[in-house]
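The values are calculated or read from the model by the stated rules, or taken from the named source; none is laboratory data. For clarity, every value in this text was computed on a predicted model and none was experimentally measured. Cβ placement follows ideal geometry from the backbone for every residue including glycine, while neighbour counts extend to all protein chains displayed. The protein model used for the area step is the full one, side chains on, heavy atoms only, and it has no ligands, DNA or RNA in it. Shrake-Rupley method; radii C 1.70, N 1.55, O 1.52, S 1.80 Å.
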Amino acid sequence: MREILRAEHLKKYFATPFGPLHAVDDVTFSIKEGSTLGVVGESGCGKSTLGRTILQLHEPTDGKIFFREQEITGCNKSEWKDLRDEMQIIFQDPMSSLDPRMAVWDIIEEPLKIQKKMDKAQRAAKVKELMDTVGIARRIQYSYPHELDGGRRQRVGIARALALDPKFIVCDEPVSALDVSIQAQIINLLMDLQKEKGLSYMFITHDLSVVKYISNEIMVMYLGQVVEKAPSDELFGNPIHPYTKALLSAIPVPDVHIHRERIVLKGEITSPVNPKPGCRLAARCQYATERCSTPQQIVEVSPNHFVSCCRVNELWQ
Amino acid sequence: MAETSFLEVKNLVVEYTSDKQVIHAVNNASFSLKRGETLGLVGETGAGKTTIAKTILRILPDKAAKIKAGEIFFEGEDLLSISEEKMRTIRGNESAMIFQDPMTALNPTMKVGVQISEAILLHNNCSKQEGKKRAEEMLEKVGIPGQRFNDYPHQFSGGMKQRVVIAMALACNPVLLLSDEPTTALDVTIQAQVLDMMKDLKTEMETSMIMITHDLGIVAEVCDTVAVCYAGEIVEYGSVVEIFDQPMHPYTIGLFGSLPDMNGGRARLTPIKGMMPDPTNLPKGCFFQDRCPYASDECRKKHPDLNNAGGTHTVRCIRKGDEQNA
Amino acid sequence: MGKYIVKRILWLIPITLLVIVFVYTILFFAPVDRARAALGMGASEQAIAEFNEKNGLDKGYLGGLIIYLKNLLHGDFGVSYYTSVSVSKQILVRLPYTVKLAILATTFGVVIGLPLGILAATHQNSWLDSLTMALTMFFSAMPTFWFALILVMIFSLHFRWLPSVGYESWKNYVMPVVSIGLHVSAIIARQARASTLEVIRSDYVTTARAKGQKESKIISDHVLRNGSIPVITVAGGNLAAMMGGALLIEQIFTIPGIGTYLFSGIASLDIPVVLGCVTMLSVFHGLIIVLVDIIYTFVDPRMKVAIIQNSAKKKILRGGETT
Amino acid sequence: MKKEEKSEKRRSQFSIVLERLARNKGAMAGLIIMILILIVVLFGEHMTPYSYFHQDYMAMFEFPSKDHLLGTDSLGRDILSRLLYGARFSLIVSVGSVIFSAVIGGILGAIAGYYGGVVDTVVMRFLDVYQSIPGLVLCMALSVVFGSGVYTTMLALGITGIGGYARILRAQVLQVKGNEYIEAARAAKAGDLHIILKHIIPNAISPVIVSMTMGVGSGIIAIASLGFVGLGIPTHLPEWGAMLSDGRSYMGTYPYMVLAPGCCIILTVLAFNLFGDGLRDALDPRLKD
């Protein structure tokens, strides 16, 4: 499989009155064509910023992004514009991501209008096709977002993202705001689309059960850094980093017969503003030692399984 | 008697009126809770879970909401027929509620300690110092240093705020705790902390609890019995083992089918098609008919009753009822 | 916090300077011959030249501005072109009347408006609410100076209970205060009602109810404080605007305040008079805004953080993203 | 589920707002008065038997009667005729000035809000200066400088109003800019102009329209205030404020000379405020039908 996207040492810092906020700090990964990379972490871990930086909705502070082996950081606008059609985004909150003053039809048509490659009839045909693809009934084509329920809104968001026939989509918590039964409908839709169109996803979420289900590979982030990255089954079957372990053990499992030992992290997430060098989990980690205050290296412990923890050899049995 | 009907909700009907439209929020809901037990009230947005909890405390918005019918027996007394004054002595004292969003459930201009002691002073004949002391004890109990009595809500993180809200609810050692999605707004690791703490405190204080949630994982972890809500009524009820091992109502089955399996492979999810019926215009017959894979003509004609399915397990579906009877 | 207040007050200096430049510019280029206006059409050329030299009008736009600012540095507001009376003295003599009127009218507005707004909100959709809303709608549409005339007509001319001119006794202030105060109270009542309604619907009020708190205590302990927060801004803004004197009201009741003075200055384009008053106004306005912010931090603990962060946010805007 | 049947045909935002307005009694009352006033402005001079400057020394200070429905003034001029003719000054000047301030202020605010940074800082400091001079003071100073007249008054009033609109639109743009649909448009490589025209303006403009409506009301009061002290509209014209000032000297004996113009002002202002209130509700896109 060819690689569709690669990020190397990507950084995104924001200036704050109290110092730079390390939203994304030295993140490296790649995504193969037709596959899904899941990005997991709790609020404030920088996963959404990462998605937006990949799409250059934020200017990266440092690092390189390659799309189909072509560097898109620092390339000029016209080259980038064509590539941009191939990269799209689906947002978490379908309410704030749909313009409340535009009807469903107009929202889906907008990217086509901006692209200026089709005439009106072609656009109309395309919009109808998109509505069928994502399962939006014709009768709501002139409804406004506030008149729709969450599931339909998200379908509109997906149709808009698909309008320009992208090859790569950043899905930023696309099902988090939805009820369980609707969530399953949308997940199925996303997986069907992937199969049909050969899409690649970067699937950002805090919901571990969803990410396990949909991803080929999973990247766990904590305070802007990648702490562990592995193929989906490997990560769930053999988590190594203390944060990944705690995260996995914290999910309530809908099964009354399973009782697991829970690893509880002390305290709460610290501030990503002006962080000290070293492991950012150290203050909450039960395995922390003095070595944890030195900068951590990400190491490959088994094929494709990367961990950023200085005690990896001791913890990995 | 007291053992079995510590809390009993019977045929509760609640409606909201907005812009001349009647929203049927709760339709004939009945369930009971034994002392010391935890009941999970499970369902999706708009299923009427929160309305049921607010009705038990009688804190529904006066003008919009109307309790049309039903009885709520709490320790043998019908809460819907006692005076407002009497009700006030129960609220926050014998029965308390934890709200979903800790960001908005705390008064931003009042010290958290004062907010905790508010209920203590209200229901106990004690001095302000005594109230403060007990509020500080409550803070310690939920893992917050007592010195933070004088801090304001904005000085706490989300998880800490929810701890304050829990301390507030438990301040008067209530026998019944209504928890409305207490961890939904929190991150997973914080959720785990808060759930553990709630479980410990519940055992320590011998509190009975109604846990409102949409998360079946949480239900499996903390509940003894489960009531599945759909369109304002209870469609399935039973012990947590009965429901999880042998879900019977097509809706409950659908909920389980919607969840990705954490342990198994990547089988295609089997979600429920369509969505919840419009609460202003509920269909005749079974409310689930349009989404049900087994719906027959009979389901469209007759509204099903709760049928016994063995043990404490009951289910509101003619199909399962038939099977059971046959 | 203290550092922040000092910073805010120091910030008033450049703002006030800009206000002076702005107003000076408008007035300077007005097409009038001040000398002839002061000395009469038949004045001699020499008298006109003397007048212009005395008042710095011969120095041109920039020269005049520099002289004015230089004098201001020494606390000298200059003298009126026409009466040659010191502007600072006039302001000092007149200020007490205006301050009295402003504070009384604003207090009246808050005392009447705030409870009325809260009452209307707690009785939403009742007759009380509808009546309050109708009355406040009416009073906010009514020009205060017209209402003042009506009051004069009723209480001075018809019943002869209150004097229509003068400034010595408390009776002189009743009608000016009421005519402005009712307008202010109407605006405050509407604001208070809106913000109270929002608070009443908030989760923490439901929480208080779930604790078993009495409705009356919920209003006094939870709603009142949060509901009145936006009212502080309205009241402060009104107080600041009124420091310029309610021009027309002062005129109608012949109160010798800043308003009448400022108006006479404007009407005759008397630059030192107008600049003097406007400078004072701008400083007062700035101080009142700072005061409002300080009151905020007492009423709403979140504001302390917000205000300090807000002053820090400017840094972000200037710094942009670090790349 | 919710009102789907209605969605099958295209409904523009405009028609939705109109529908909602039509259901609001207050707004409709305001609208009716506004239409009546408009008719008066357009045809007022043909509706009464007297012209506004017709002086009748045989009929000075007449109380309201069949001949003179609202009586006559010190020069024997028919007050009703003057009031009807005077409506045009209040209305035209106020509407003109509101449009002027909304356009200039709106552009300033939108630029400051959208681009932020240095531009925003400069505009905000400018507004700080603006805000520290009370509106009426600035307005009076400007109208003295510009001299009396319809257009000069419009300009004086218009300049005074710029600050308010700039602030409103800036705040709105900042808020709208934070929404994800802006990012979605950028992800579809929309340019700045497209985003401003298609997304930001339609979503940010509502409060501006509402405060423009209300602004006409306060503009009318400001014009009357100017007229009352002899500024603004030339004093020989029957501007409502000037008529009030006229009547003031005789109000002890002839109260109708003060009452009538005042009622005209209140009625007009009330109409715009009522309509503005209704408009605020109707323009909320998230409101359920």
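Per-structure values
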item	result
Filter result (charged (D, E, K, R) and assigned to a loop (DSSP other than H, G, I, E, B)) within the range A:289-317	A:Arg311
Residue within the range C:215-232 that is among the β-branched types (Val, Ile, Thr), in contact (Cβ under 8 Å) with a residue 24 or more places away in the chain, under 25 Å from C:Pro96 (Cα atoms) and more than 14 Å from chain B (Cβ to nearest Cβ) present	no
Residue selected from the range D:274-289 under the condition open to solvent by 20 Å² or more (accessible area, probe 1.4 Å) and more than 14 Å from chain A (Cβ to nearest Cβ), by the criterion nearest to C:Pro143 (Cα to Cα)	D:Leu274
Cβ-Cβ under 7 Å pairs, at least 6 apart or on other chains, the range D:109-127 side open to solvent by 40 Å² or more (accessible area, probe 1.4 Å), far side of a type in the set (Ser, Thr, Tyr)	none
Evaluation of D:Ile265 against (1) hydrophobic (A, V, I, L, M, F, W, C); (2) more than 15 Å from the chain's Cα centre (by Cα); (3) in a helix (DSSP H, G or I) (one fails), failing number	(2)
Complete set of residues in the range B:133-158 that are part of a helix (DSSP H, G or I), in contact (Cβ under 8 Å) with a residue 24 or more places away in the chain and open to solvent by less than 50 Å² (accessible area, probe 1.4 Å)	B:Ala135, B:Met138, B:Leu139, B:Phe149, B:Pro153, B:Gly158
Residues of the range B:257-284 satisfying the condition of being without any contact (Cβ under 8 Å) to a residue 60 or more places away in the chain, of a type outside the set (Gly, Ala, Ser) and more than 7 Å from chain A (Cβ to nearest Cβ)	B:Asp261, B:Asn263, B:Thr270, B:Lys273, B:Pro277, B:Asp278, B:Asn281, B:Pro283, B:Lys284
Scope the range A:254-288; condition assigned to a loop (DSSP other than H, G, I, E, B), under 19 Å from A:Gln225 (Cβ atoms) and of a type in the set (A, V, I, L, M, F, W, C); matching residues	A:Leu265, A:Ile269, A:Cys279, A:Leu281, A:Cys285, A:Ala288
Selection within the range C:29-63 - polar (S, T, N, Q) and either modelled with pLDDT of 80 or more or open to solvent by 80 Å² or more (accessible area, probe 1.4 Å) (or both)	C:Ser44, C:Gln46, C:Asn52
Tally, over the range B:211-255, of residues that are in contact with a Ser or Thr (Cβ under 9 Å, 6 or more places away or on another chain), polar (S, T, N, Q) and open to solvent by less than 10 Å² (accessible area, probe 1.4 Å)	1
Residues (touching a residue at least 12 places away in the same chain (Cβ under 8 Å), open to solvent by 60 Å² or more (accessible area, probe 1.4 Å) and closer than 30 Å to B:Gln246 by Cβ) located in the range A:234-283	A:Glu261
Residue satisfying all of: in the range B:101-123; touching a Gly at 6+ places or on another chain (Cβ under 6 Å) and within 9 Å of chain C (Cβ to nearest Cβ); least open to solvent (accessible area, probe 1.4 Å) among these	B:Ala119
Test: residue in the range A:166-183 that is polar (S, T, N, Q), free of Cβ contacts under 8 Å to residues at least 60 places away in the same chain, farther than 21 Å from A:Lys47 by Cα and within 14 Å of chain B (Cβ to nearest Cβ)	yes
Single condition B:Cys126 does not satisfy, out of (1) away from chain C (no Cβ under 13 Å); (2) open to solvent by 60 Å² or more (accessible area, probe 1.4 Å); (3) more than 24 Å from the chain's Cα centre (by Cα)	(2)
Matching option when the condition is of a type outside the set (Phe, Trp, Tyr) and open to solvent by 50 Å² or more (accessible area, probe 1.4 Å), among A:Thr36, A:Thr61, A:Thr28	A:Thr28
Residue ranges of helices (runs of 4 or more DSSP H) in the range D:177-262 with at least 2 members open to solvent by 10 Å² or more (accessible area, probe 1.4 Å) and away from every other protein chain (no Cβ under 11 Å)	D:206-228, D:240-248
Test: residue in the range A:199-221 that is over 13 Å from the mean Cα position of the chain (by Cα) and over 30 Å from A:Cys309 (Cα atoms)	yes
Failed item, numbered, when A:Pro60 is tested on (1) part of a loop (DSSP other than H, G, I, E, B); (2) within 11 Å of chain D (Cβ to nearest Cβ)	(2)
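Table: residues versus (1) charged (D, E, K, R); (2) open to solvent by less than 10 Å² (accessible area, probe 1.4 Å); (3) at pLDDT below 90.
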site: B:Glu8; (1), (2), (3): yes, no, no
site: B:Gly36; (1), (2), (3): no, no, yes
site: B:Gly40; (1), (2), (3): no, yes, no
site: B:Lys49; (1), (2), (3): yes, no, no
site: B:Ala53; (1), (2), (3): no, yes, no
site: B:Asp62; (1), (2), (3): yes, no, yes
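For every residue, the table says whether it meets (1) assigned by TED's automatic domain parsing to the domain that holds B:Glu137; (2) in contact (Cβ under 8 Å) with a residue 40 or more places away in the chain; (3) open to solvent by 20 Å² or more (accessible area, probe 1.4 Å); (4) farther than 22 Å from A:Asp179 by Cα.
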position: B:Arg163; (1), (2), (3), (4): yes, no, yes, yes
position: B:Ile190; (1), (2), (3), (4): no, no, no, no
position: B:Val194; (1), (2), (3), (4): no, no, no, yes
position: B:Leu201; (1), (2), (3), (4): no, yes, no, yes
position: B:Met205; (1), (2), (3), (4): no, no, yes, yes
position: B:Ser208; (1), (2), (3), (4): no, yes, no, yes
